[in-house]
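What follows is a short report on a single structure.
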Amino acid sequence: MDVRLTLEKRIEAEIKSYDGIMGIYLDDLRGTVIQIKADETFETASAIKTWILACLFWEAENGRACLEDQIEYKKEHWVDGSGVLGALEPGALLRVRDAATFMMIVSDNIATNMMIDYLGLDRINQCIRRLGSMDTVLHNPIHFDQYERLGTSTPRDYASIFIRLVKGELISPEADRQMVEILKKQQYQSMITKDFPPYFMDSDNTDDVIISVASKSGSMDACRNDGGIVFTPYGPYVIVMFHKEFSDAMYYPAHPATMFGARVSRLILDQYLALEGRFYPALKG
């Protein structure tokens, strides 16, 4: 193989002019891992909600939580930002399962605070460590007027959750399957999927969706992140892209972090499809 054409070098060339820092962790689940700044610490923003979801299922699996419990939306849970529960009055009751789903699929910040209150901040951080994410911390509930940060982690830690999840080795095969189904409904996939061929993701054009994604993104002034599992006809792979230290804090679809992340994601997809389920050709011997 021509070493000048390695996937790492193609990614590095793609982000050469990027005004920011991108940390990347990729795993084709067939023995190839690609890492770029994979152990640097980044603000997670809403990506931390994936760990909260995992901790909920961990606690439920061990009898310390119940997905059918009802929890109340209280005044202290209110926060501005993404989600739908802000349209409701405090006092509304939700099943734990439903609050967790809102937390993930529309990144609902109020639902997230309800989940943190239900599980407990310290218990969540203990669970994060039990799950092997030693460089990940949930610092506080979401209150932008009180706290400047939400969580911190590394691309390696985030990828490890998805790698174990797709293998059915994170909590249990059934719990992992349920989490993947929730993550597939996540509505903010612009960084991973923005440049994917629409034909392959639209069931109106094909007999079925050929490529699907189970992911969770996160955005704050200091970061733009995305990570998850990409399911293809040749199997799944895991991709994580964390961003920091860019100059433009505004939110808009063509933000450089989103655009450069989308280009890297498409480059990776093309390589994986061209090699029928690998990032590099299988060794012959």
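The table below lists the values:
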item	result
Long-range neighbours under 6 Å by Cβ, at least six apart or interchain, first residue farther than 12 Å from residue 48 by Cα within the range 123-148, second open to solvent by 40 Å² or more (accessible area, probe 1.4 Å)	127/58
Tally of residues being modelled with pLDDT of 95 or more and either of a type in the set (Ser, Thr, Tyr) or open to solvent by 50 Å² or more (accessible area, probe 1.4 Å) (or both) across the range 63-89	12
Residue ranges of strands (runs of 3 or more DSSP E) in the range 204-285 with at least 2 members at pLDDT 95 or above and not charged (D, E, K, R)	212-215, 223-232, 235-244
Candidate set: the range 146-185, residues that are in contact with a Leu (Cβ under 9 Å, 6 or more places away or on another chain) and among the small types (Gly, Ala, Ser); chosen: the one nearest to residue 23 (Cα to Cα)	159
Any chance residue 191 is open to solvent by less than 30 Å² (accessible area, probe 1.4 Å) and modelled with pLDDT under 95	yes
The range 215-239 residues that are closer than 21 Å to residue 277 by Cα, paired with ones that are among the aromatic types (Phe, Trp, Tyr) and open to solvent by 30 Å² or more (accessible area, probe 1.4 Å) (beta carbon under 7 Å, 6 or more apart)	none
Residue identified as within 20 Å of residue 240 (Cα to Cα) and open to solvent by 10 Å² or more (accessible area, probe 1.4 Å) among 128, 171, 161, 182	182
Residues satisfying the stated conditions in the range 141-158, i.e. aromatic (Phe, Trp, Tyr) and open to solvent by 30 Å² or more (accessible area, probe 1.4 Å)	144, 147
Only one of 168, 132, 91 that is in contact with a strand residue (DSSP E or B) (Cβ under 9 Å, 6 or more places away or on another chain) and in a loop (DSSP other than H, G, I, E, B)	91
The range 160-176 residues that are hydroxyl-bearing (Ser, Thr, Tyr), paired with ones that are open to solvent by less than 20 Å² (accessible area, probe 1.4 Å) and part of a helix (DSSP H, G or I) (beta carbon under 9 Å, 6 or more apart)	172/57
Considering residues of the range 233-252 that are under 18 Å from the mean Cα position of the chain (by Cα) and open to solvent by 10 Å² or more (accessible area, probe 1.4 Å) only, the residue nearest to residue 159 (Cα to Cα)	236
Hey, residue 3 open to solvent by 70 Å² or more (accessible area, probe 1.4 Å) and either at pLDDT below 95 or within 19 Å of residue 164 (Cβ to Cβ) (or both) or not	yes
Residue in the range 23-34 that is hydroxyl-bearing (Ser, Thr, Tyr), open to solvent by 20 Å² or more (accessible area, probe 1.4 Å) and in contact with a Lys or Arg (Cβ under 7 Å, 6 or more places away or on another chain) present	yes
Selection within the range 133-188 - over 13 Å from residue 42 (Cα atoms), touching a Phe, Trp or Tyr at 6+ places or on another chain (Cβ under 9 Å) and among the polar types (S, T, N, Q)	133, 140, 160, 172, 178
In the range 50-62, residue most open to solvent (accessible area, probe 1.4 Å) [restricted to those that are among the hydrophobic types (A, V, I, L, M, F, W, C) and out of contact with any strand residue (DSSP E or B) (no Cβ under 8 Å at 6 or more places or on another chain)]	58
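The values are calculated or read from the model by the stated rules, or taken from the named source; none is laboratory data. None of these values were measured; they are calculated from a predicted model. Cβ: placed from backbone, ideal geometry, glycine included. Neighbour counts: every protein chain shown. Just the protein is used for accessible areas: all its heavy atoms, side chains included, with ligands, DNA and RNA removed. Shrake-Rupley method; radii C 1.70, N 1.55, O 1.52, S 1.80 Å.
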